[in-house]
Ligand code: AMP
C-alpha cells in the first residue's frame, strides 16, 4: 500500500518521499483515513510506530482541503493567499523534547505547503514564542504549562481551534498535567475533532477520554506488547556490583556504537555516566534535572555519534526521537512493567531489527516476572561466554 492511496495531496506525498518513507506503517494505515473523515480517534500507539505522521499527515491534508474550499469560489476577494494565518490545530505533548520533535516532523511533512507550524514550551524565554504567535501560525505544538502561561497573558488565541491532539496522553497524566489539560480544554471551542494517542490505557486515561472524545474510533494498530515480539531480548543475571563491568563488556565485545541505557533514577544515571566516561566510553546523561541546553547537547552528541552511550531515565527518554536505535539496555529494570515495553520499543523502529539487553540482579527477579506476564513471554537468561 502506498501513501497516495490514502488520499493525501501531492505536496504531502512529495514530502513523505523526501523523508524516505515508502509504505505507511500500521498505525498510519489505520489512523489516516479516520482522521481525514473528521472522526475522533483513541489510538494505542507508542513512540517508534510512526504515530506522529499518523496524525500529522491527515491534519495537514485537512487544512489543505479547507484552505482550497475557502479560496475557490466563495472567497470574495482575490487576496486569499495573503490572508492572516489562523490557529486551527493544537497538539499537546508532555515534554519539551517531544514538542520540538513533533513540530519538526509537522514542518517536514508540510514543507511543500504553505501551512505553518510553531512550537512553544517552558524552560526557555517566552518572548520569541510570543512573537512567533503574533506572526501567525496554523498549527501550534505545545506543552500544557507554557500554553497556559501564554493564554493567561492573552498571547495566544485558541478560539478557532478545530483539531486537538493529545500526544502521549498517559505520560501527561503521569507527569501530573491533568489539571492543566482540563484548563486548556475549557479554553477551546466545543465543536472540534479530538485525537488522543497513548501507549497505555489506565483508568485515568479512560476517564479523561469520557468527557473529551465523541464516539471515537478506537485504533490499536500494534498491541501493547508488539515490540516484545519483534525485538531480540536478552537477560543477563548479574550481581548489583557487577552491572557496570558487564555493561562495559557488552559494549566493547559487541562493538555497540550507539546505545540507549535506562536507569531507574537520575542519580543512577549520573553515576553510571561518570563510570563509563572514566573507562573511556563516551557517555552522557539525560534526565529531568538537566537543563534544556544540556539535554539538547547530549542528544545532539548522541545523534552525531560523538557520544556512544546515552543514559536516560524513563520520563526523560519518552519522546526522544532517535531513528533506528540498534541497542537498548536496561541497566535497572523498571518498577512498572509497561515501562519495559516502552523502553524496548525504542529499538527496532519502523521495521529495522532491534536488540534489548536487561541486566537483572537477584533483587530484581520479581520485577522480571511481572514483565514476563505483561509481554506474555519467558525471558531466559543468556549465559556469558568465558573469556
Ligand atoms: P514516531 O513513532 O512518530 O516517533 O516515528 C518513529 C520513526 O519512524 C520516526 O523517525 C519517523 O521518521 C519514522 N517513520 C514514520 N513513518 C514512517 C514510514 N511510513 N516509513 C518509514 N519510517 C517512518
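The values are calculated or read from the model by the stated rules, or taken from the named source; none is laboratory data. Just so we're clear, the structure is a prediction, and the values are computed from it rather than from any experiment. Neighbour counts run over all protein chains shown; Cβ positions are idealised from the backbone, glycine included.
List of remarks:
- Only a single criterion out of (1) at pLDDT below 85; (2) more than 16 Å from the ligand (Cβ to nearest atom) is not satisfied by residue 349, namely (2).
- Hits in segment 20-51 (condition: out of contact with any helix residue (DSSP H, G or I) (no Cβ under 7 Å at 6 or more places or on another chain) and within 16 Å of residue 170 (Cα to Cα)): 44, 47
- Taking the criterion of being farther than 16 Å from residue 267 by Cα and more than 16 Å from the chain's Cα centre (by Cα), the residues of segment 295-315 that qualify are 297, 298, 300, 301, 302, 303, 304, 305, 306, 307, 308, 309.
- Selection of segment 194-206 for residues being modelled with pLDDT of 90 or more and either out of contact with any strand residue (DSSP E or B) (no Cβ under 6 Å at 6 or more places or on another chain) or not assigned by TED's automatic domain parsing to the domain that holds residue 46 (or both) yields only 198.
- Helices (runs of 4 or more DSSP H) wholly inside segment 131-202 that include at least 3 residues being in contact (Cβ under 8 Å) with a residue 60 or more places away in the chain: 169-174
- Residue in segment 33-44 that is within 10 Å of the ligand (Cβ to nearest atom), touching a residue at least 12 places away in the same chain (Cβ under 8 Å), surrounded by fewer than 22 Cβ atoms within 10 Å (Cβ to Cβ) and within 30 Å of residue 340 (Cα to Cα) present: no
- Exclusive hit being outside the structural domain of residue 342 (by TED's automatic domain parsing) and at positive phi, set 215, 155: 215
- Sole residue being within 13 Å of the ligand (Cβ to nearest atom) and without any contact (Cβ under 8 Å) to a residue 24 or more places away in the chain, chosen from 52, 47, 22: 22
- Tally, over segment 89-99, of residues that are part of a helix (DSSP H, G or I) and either within 19 Å of residue 16 (Cα to Cα) or within 12 Å of the ligand (Cβ to nearest atom) (or both): 2
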